[in-house]
1. Measuring from centroid to centroid over Cα atoms, what is the spacing of segment 478-552 and segment 344-377 in Å?
2. Taking a virtual spin label 7 Å from the Cα of THR719 along the C-beta vector, which residues in segment 678-700 bring their backbone nitrogen under 18 Å of it?
3. Sketch the reach of a paramagnetic label on SER455 as a point 7 Å from Cα along Cα-to-Cβ, and name the residues of segment 484-515 whose backbone nitrogen lies under 15 Å away.
4. Regarding segment 142-272, what are the three Cα extents along the principal axes, ordered largest first, in Å?
5. Specify the inter-centroid distance of segment 426-468 and segment 663-727, based on alpha-carbon positions, in whole Å.
6. Which Cα, out of LEU696, GLY654, ALA608, lies furthest along the positive dipole direction of segment 537-726 (beta carbon charges, K/R +1, D/E -1)?
7. Using alpha carbon centroids, what distance separates segment 243-290 and segment 600-620, in Å?
8. What ranking, highest mean first, results for peptides 588-596, 202-210 when packing means the other Cβ atoms within 10 Å averaged over each residue?
Amino acid sequence: MFSNRKTFLHLGALALLGVTGLRAQAPAAPAPAAPTPAAETVPDLPALQAAARAAEQKLPTPAVLPQTYFDLTPVQRDRWRKFLPQTLLKLTRRERVEIVVLGDAILDGAKAEPGVDPVLKSFAGVFAKKLATQFYYTGGVRVIRPGARLRDKESKVMGPEILIHPVQTSSIISAASALSTVGFQGQPDVVLVAQGLEDGLAGVSAADVTVAFRSLLDTARGKRLEVIVAGPIPQAADPEEASLALTRGPASVLREASARADVIFSDLGDLSRLLGAPAGAKGADQIFPALMQEYQSLLNLLPSQGVMTPTAGMHAEMGRILFQDVMQGAPGVPWKINASKATLAGQGQLTLEFELANTRREPLAVTLLPLVPAGFKPKDTNPEIELAAGAKQPVKLNYAITDTRHLPLTDGEMRLPVLVIAGKQSRIEDIAVPLRPFSITWNARAAFNQEAEFSPELEIENSTGASLSASWESNWGGKSQEGKIALEADGSEVLKLALPLPAEGRSPMRRVLPLKLALNSNGVRQIFDRDIEITRNMGLKESVPLTATDRQESAVTLRADADSMKLFLTLDLTGVSLVDDSSGKAFELLLNLDARSYGERQTPGATAALRITGKAADGEALVDPIAPWAFGSGYAAVFEPKEIQASLSSAAGGGRRLTITLPKSYLYRHEWALGNGNSQLGLNVRFQGGGRDYFLTRTRRQGDDAESLSVLELTDKPTQRWTVRVD
């Protein structure tokens, strides 16, 4: 079938040939008998049609090339109309479409020829190029990157374009803020969310990922933008069975949240589409190493940097996967997992059970390898299973709980990834099920301005489907409490538990105290220990010691001062021997400030760290470019780094001092009421220099999470209040 353009050209040629043929065959007009010329003979329509048909029969049969663009099947069109109707309309009209790509380290690793933006070779660029080929005749893909000197297109072809605007953040926590500031600078149509890699490596909880994604989705839909979610890729450092599991928690959370929101989810770490079957390998002890060797060839193996990024070749495969999932969804595999449940089986023991079904009409040999999520260790299992055509088989996997801090913290759901290999396909199945017979949810994981005591609002949930009686006992700071509960089927109850906070005057700024909590029911006893960090509110003119990560003694202190125009932060670096490294830098300071107003500051949100670096010699330090949301969610400004002054100096006695000055005008959403203990800033300082690291506060939350910060009161008479965080 011809395209419209080719059909028009052929019909025009046929008509011209027909008219020419008719004129050649017509008899000559009689010679004029008078000066008045004779009227020209005009053939009628049937004659023209007959001549055109005769001429067409004499033409050679054209070779029709199949077109891939502008040609959707009914199933594909229905999928686009369900998930991306606005984008489909613009693409079919061949109008420009802009995609904001919100990604973390997954955007790294792509290589392009010198002078060309590497995003064009990333999975986002490959995906956009396939979209352009599908819907446009010409035009291609262009990268929007303000201030970049790289070539933003592979070839300067005129026509409608797919624009991709990369916005990189280290966590999904700050993705909504990044979208509402940098992402909204253009006229976006689609948001491609590619987060979860760095969150998985940092151990961000399922609840934090869920809340951040909901905020991101609300931000996008507030501007009527459509959303596509791309899940994180697995890691493959040694030991691979543990590394593979690191990102599967965020992947499963994003998959579930996308399904609830009717948003396309694409698993870029789907091994069934990245890897082939290991040739000649038999048995789990051969198949798994061969599979990992093939997968590692697709990664930039830089474990010293803490993250493995995709190679250019893997980016191409990821772009293909994303395009396939947008066009028609993920292909199936020859197995299915049903009826999953995770059950506590005595102190420190857990059992995962599910039904494995063969969905093919032929026998299937399956290799099952439970991965090793943080805090768990699979016990010996039989990994080889033979399934007849259409058969089902129950599977039971046993785990030892090696660290109770990794039991579900916020939603009561166990997330246990299992690698399934069958035939030529392999895939990590993310099994997410409620913990049985009971689980504990911490409804209050962060609280500010706590005085005498802290109530974590621990909720015991019954997941047995029948009534449940249980007893509990806790110990915090040497104080024991206990109680009993009776729950109806699938009921829950909040424990009446209050944790006393220090009341003495100038107690230590930061403490980490473990909460020992045990639950007993029907012969099952399980410990749910948690570390709880408490940091005292600090005030102006107060010198507060930073903590060293090596837990050795630290003499580095932080002091804050303020007036009506500026905020001053001073670090005394006693005993820190600064030496320039190969890049000429001797220290790095990361400063997080949450300068939202009092009521907003105690709600979830994000900041972006100010990065300050400098040489060992006295002089001005360098302040890196500042993110528009640096001082909290809701900020959206262009901040000039030169307005923030940072300098290193030496005292007469040999001590070193780093002084930082910030203009109050940059903190424009803050009430700035000096002398008022409720006029507060969220604050954290992380300093690296002299071969050691120091911090004001540190939890398992991401550093840009506003709930990870301590409190600075803008008064020299701070109150005796605390920030409490559950790890």
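Every number in this text was worked out from the coordinates using simple rules, so none of it is lab data. Bear in mind that the values here come from a model prediction, so they are computed numbers and not experimental data. Cβ coordinates were reconstructed from backbone atoms using ideal geometry, including for glycine residues, and neighbour counts include every protein chain displayed.
1. Using only Cα atoms to place each centre, the spacing works out to 34 Å.
2. In segment 678-700, the label zone of THR719 (backbone N under 18 Å from the point 7 Å along Cα→Cβ) covers 678-683.
3. What the label zone holds, given the 15 Å backbone N cut-off, is 493-501.
4. For segment 142-272, the Cα spread along each principal axis is 48, 34, 27 Å.
5. 28
6. It is LEU696.
7. A separation of 36 Å, based on Cα centres.
8. 588-596, 202-210
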